[in-house]
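The values are calculated or read from the model by the stated rules, or taken from the named source; none is laboratory data. This one's a predicted model, so the numbers in the text were calculated from it and none came from an experiment. Cβ coordinates were reconstructed from backbone atoms using ideal geometry, including for glycine residues, and neighbour counts include every protein chain displayed.
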Amino acid sequence: MSNQNNIIVTGSSSGLGKFICEQATNEGFNVIGLARSETKDAKFKTFQCDISDHKEVKNVFKQIKKNFEPHVLINAAGIASMNLFLTTPPSKMEQIISTNVLGTMFCCQEALKNFARQKNKNFILNFSTIAVSLSLKGESVYVASKGAVESFSKTLAREAADFNCNVNVIAPGPVDTKLISGIPDSKIEDIVNAQIINEKASKDDIWRICKLLISDNAKDITGQIINVKGV
């Protein structure tokens, strides 16, 4: 199989990251998953890597390059804190920023080093959240981290274009994963009602958008924030 089907996905041990890895594998893509914890029952190749640690990211990409030329990077790893700002511990703030912002940047940088040597079209998809556009109360640190990802990605798209690489962002609303398991149903309902399409996105919905944005059908789409279900 050509490198046009080679994908690296972060956050592969659970949630959307694992689902994307599984669906991509089932549809014939060569997938490498990165996660801090072990990915159980994986049908795709995995590496354990804390993306907030630059040395770990650099080392794991060096290992990957030995036998695998990536065509796509999907940054699905992320952590959230559903606390009011005044009750958010500084250690949690640092963890969120390190993982969501720096982790995304570290992986994008290493991926681009590979893409710069290739002639084919390459793609980076970063994950944000609809909470950025809605300025959701109680999620200020999480929103700040994902807002940074959005701004970074839009600017990176201009730089990455020199390497024939498109960069886009998917910003879902509530999706049934562990990430929203502790949020009251009433708050989830409020978020859904604030969307243009008043329903939760499914994991399949997210994968369909991912698959579009890493295909030649999206070769002219870059620097965009896709708010799933609309805001």
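A few comments on the model shown:
- Any hit, the range 79-101, residues being within 20 Å of N166 (Cα to Cα), touching a strand residue (DSSP E or B) at 6+ places or on another chain (Cβ under 8 Å) and surrounded by fewer than 21 Cβ atoms within 10 Å (Cβ to Cβ): no
- Out of I183, I130, I188, I197, one residue alone is exposed (fewer than 15 other Cβ atoms within 10 Å of the Cβ) and more than 23 Å from N6 (Cα to Cα). It is I197.
- In the condition set (1) in a helix (DSSP H, G or I); (2) more than 14 Å from the chain's Cα centre (by Cα); (3) without any contact (Cβ under 8 Å) to a residue 40 or more places away in the chain, K200 is compliant with all but (1).
- Any hit, the range 127-141, residues being in a helix (DSSP H, G or I), β-branched (V, I, T), touching a residue at least 12 places away in the same chain (Cβ under 8 Å) and more than 30 Å from I197 (Cβ to Cβ): no
- For V149: the one exception among (1) outside any helix (DSSP H, G or I); (2) touching a strand residue (DSSP E or B) at 6+ places or on another chain (Cβ under 7 Å): (1)
- The range 90-128, subset at pLDDT below 95 and not basic (K, R), residue farthest from D220 (Cα to Cα): N114
- Some residue of the range 27-39 being surrounded by fewer than 22 Cβ atoms within 10 Å (Cβ to Cβ), among the charged types (D, E, K, R), under 18 Å from L212 (Cα atoms) and out of contact with any helix residue (DSSP H, G or I) (no Cβ under 7 Å at 6 or more places or on another chain): yes
- Any chance E56 is in a helix (DSSP H, G or I) and touching a Cys at 6+ places or on another chain (Cβ under 8 Å): yes
- Listed by first and then second residue, the pairs linking a residue in the range 215-231 that is under 17 Å from A160 (Cβ atoms) to a residue that is in a loop (DSSP other than H, G, I, E, B) and modelled with pLDDT of 95 or more, with Cβ atoms under 8 Å apart and 6 or more places separating them unless they lie on different chains, are I225/S128.
- Residue in the range 192-202 that is under 18 Å from C21 (Cα atoms) and hydroxyl-bearing (S, T, Y) present: yes
- Of all residues in the range 132-182, those satisfying the criterion of being among the aliphatic types (A, V, I, L, M) and more than 23 Å from T87 (Cα to Cα) are V149, L156, A157, A160, A161, V167, V169, I170, A171, V175.
- Among (1) part of a helix (DSSP H, G or I); (2) modelled with pLDDT of 95 or more; (3) of a type in the set (G, A, S) - the single one S186 does not satisfy: (2)
- Contacts under 8 angstrom Cβ, first residue in the range 35-63 being within 15 Å of N6 (Cα to Cα), partner of a type in the set (K, R) and in a helix (DSSP H, G or I), 6 or more apart: F61/K113
- Note on the range 189-217: residues that are at pLDDT 95 or above and either among the aromatic types (F, W, Y) or closer than 18 Å to E150 by Cβ (or both) amount to 5.
- The residue of the range 102-127 that is surrounded by the fewest Cβ atoms within 10 Å (Cβ to Cβ), among those that are over 13 Å from the mean Cα position of the chain (by Cα) and among the small types (G, A, S), is A116.
- Residue among I7, I20, I32 that is at negative phi, in contact (Cβ under 8 Å) with a residue 60 or more places away in the chain and in a strand (DSSP E or B): I7
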